[in-house]
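Structure first, commentary second.
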Amino acid sequence: MRFLPALTRVAALGAAAVLAATGLTACGDDASTSKADNPYDLLQAGVLRAGTLTDAPPNVYLKDGKFTGFDNDLLTAVAAKVGLKVEFVGTDFSALLSQVNNHKFDVGSSSITITEARKKTVDFGNGYDFGYFGLDVPAGSSITSFDQLSGKRVVVVQGTVQDDYATRENLNPVRVPDYNGAINQLKAGTADAWIAPAEIGDKSAADSGGKVRVAAKQLSPAPTAYAVAKGNDALREALNKGLDEVIKDGTWSRLQAQYYPGRPIPADFKPGSGTVAVPAGPSAAPSASASS
């Protein structure tokens with residue numbers, strides 16, 4: 001066996017060390033480049049994959065093959081402010097939050113009311129809207145208020161704050177997976193009442209051909225916000241920044257007027273960070289908004 005002279009062996013070892021160090025540096029550069037290209041840890045760099053609903057107008061719904069509604073149009077504008085394109089995907093509300101936290105979606109967009117229980121599953125951005133509960137009943141029903149629901153067959157969409165309310169009030173609600181299921185129970189006479197997001201309840205009643213009416217409304221206890229996976233502070237903060245920008249440039253007010261014409265805004269509600277003045281928008285007949 002031949003042996004390399006000592007100086008040659010030292011030189012070879014030095015060269016190997018340089019190559020190893022270069023390899024480590026290259027790996028580090030790749031990681032840095034990846035982070036720079038995808039700073040918000042999205043499923044696809046530059047694309048915000050949003051889980052939403054298909055059947056809850058005027059908040060979130062599918063129209064002519066396009067996802068639209070106040071929440072989705074607002075999210076599109078917010079994302080554009082931070083250089084992102086939105087890709088919407090339909091899902092059931094009952095699965096939405098867990099799908100966000102499991103990274104099936106980057107964000108949840110569905111008039112999601114912030115609650116302490118939900119904070120255990122996802123993180124929320126700043127509130128962008130307020131909402132009301134609506135009480136829909138079959139035409140001819142004697143029910144006129146929420147305090148008349150004891151002993152009645154009350155339907156709710158599973159996992160919503162309306163579900164939380166009905167459960168808290170010991171109403172033993174009938175849970176369905178989507179809004180179409182709820183309104184169909186009222187039309188069929190298999191439910192006495194539906195506790196709904198108010199705007200969704202309003203439109204459902206208007207489209208029922210006189211089979212359903214709105215009996216009452218009451219203000220929801222907390223604002224609605226976009227949901228992101230636990231710990232994704234970079235995305236949450238970017239959406240908060242974009243939201244303040246669309247409030248400042250008048251987009252928020254324009255969309256409010258478009259989807260909730262003339263709806264009065266509670267005096268103590270401040271969208272976004274609360275530090276940006278809200279430009280006045282056009283007014284029309286009073287209305288109420290929805291929350292899930």
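If I take every Cα pair under 8 Å that is 6 or more residues apart in segment 132-219, average their sequence separation and divide by the length, what percent do I get for the relative contact order? Write down the numbers at each step before the final one.
Details: 168 pairs, mean separation 42.3, N = 88.
Relative contact order here is 48 percent.
Using a 1.4 Å probe on the protein heavy atoms only, what accessible surface does residue 195 show? Give it in Å² to the nearest 10.
Near enough 0 Å² of accessible area.
Any chance you could run the full-extension gain for residue 265 through residue 41? It's 0.36 nm times the residue separation minus the Cα-Cα distance, nm to one decimal. Could you put the intermediate results ahead of the total?
Working: separation 224, 0.36 × 224 = 80.64 nm, distance 3.48 nm.
Taking residue 265 through residue 41 to full extension adds about 77.2 nm, to one decimal.
How much accessible surface does residue 275 have with a 1.4 Å probe, in Å² rounded to 10?
Counting only protein heavy atoms, residue 275 exposes about 120 Å² to solvent.
Between residue 98 and residue 167, with labels modelled 7 Å along Cα→Cβ, what's the label distance in nm to one decimal, could you check?
1.3 nm
How high is the relative contact order of segment 161-211? Use alpha-carbon pairs under 8 Å, at least six apart in sequence, and give a whole percent.
29 percent
Report the chymotrypsin sites (Phe, Trp or Tyr not before Pro) located in segment 189-280 that are in a DSSP loop and have at most 15 other Cβ atoms inside 10 Å of their Cβ, or state none. Before the final figure, lay out the partial values.
On the way: sites: 194, 226, 252, 259, 269; in loops: 269.
Qualifying residues, ordered by number: 269.
Which ³J(HN,Hα) values, rounded to whole Hz and listed in residue order, are derived for segment 160-167 from phi using the Karplus coefficients 6.51, -1.76 and 1.60 in 6.51 cos²θ - 1.76 cosθ + 1.60 with θ = phi - 60°, glycine and proline given as x?
Rounded to whole hertz, the list is 7, 5, 5, 4, 4, 4, 4, 5.
For every other residue with a beta carbon closer than 10 angstrom to the beta carbon of residue 178, add +1 if it is Lys or Arg and -1 if Asp or Glu, then tell me the sum. Before the final figure, lay out the partial values.
Numbers: positive: none; negative: 55, 92.
Result for the neighbourhood of residue 178: -2.
Which trypsin sites (Lys or Arg not before Pro) in segment 46-116 pass both tests, a DSSP loop state and at most 16 other beta-carbon atoms within 10 Å? Numbers along the way, then the final one.
Working: sites: 49, 63, 66, 81, 85, 104; in loops: 104.
Answer in residue order: 104.
Once you list every other residue whose beta carbon is under 11 Å from the beta carbon of residue 43, what net charge do they have if Lys and Arg are +1 and Asp and Glu are -1?
Neighbourhood net charge equals -1.
Around residue 122, what is the net charge, scoring Lys/Arg as +1 and Asp/Glu as -1 over all other residues with Cβ under 13 Å from its Cβ? Present the calculation step by step, with values, prior to reporting the outcome.
Working: positive: 104, 118, 119, 120, 230, 236; negative: 106, 116, 123, 233.
Residues close to residue 122 contribute a combined charge of +2.
With a 1.4 Å probe and all protein chains kept in place, how much accessible area does residue 167 have, in Å² rounded to the nearest 10?
70 Å²
Once phi is turned into θ = phi - 60°, what whole-Hz ³J(HN,Hα) does the Karplus curve with 6.51, -1.76 and 1.60 give for every residue of segment 69-77, x standing for Gly and Pro?
x, 4, 4, 6, 5, 5, 4, 4, 5
Over all directions, the average projected area of the alpha-carbon convex hull for segment 132-219 comes to how many nm²?
Numbers: hull surface 18.8 nm².
Computing the convex hull of the Cα atoms and averaging its projections yields 4.7 nm².
The values are calculated or read from the model by the stated rules, or taken from the named source; none is laboratory data. Since the structure is predicted, the reported quantities are computational estimates derived from the model, not experimental observations. Cβ: placed from backbone, ideal geometry, glycine included. Neighbour counts: every protein chain shown. Heavy atoms of the whole protein, side chains included, go into the accessibility calculation; ligands, DNA and RNA do not. Shrake-Rupley method; radii C 1.70, N 1.55, O 1.52, S 1.80 Å.
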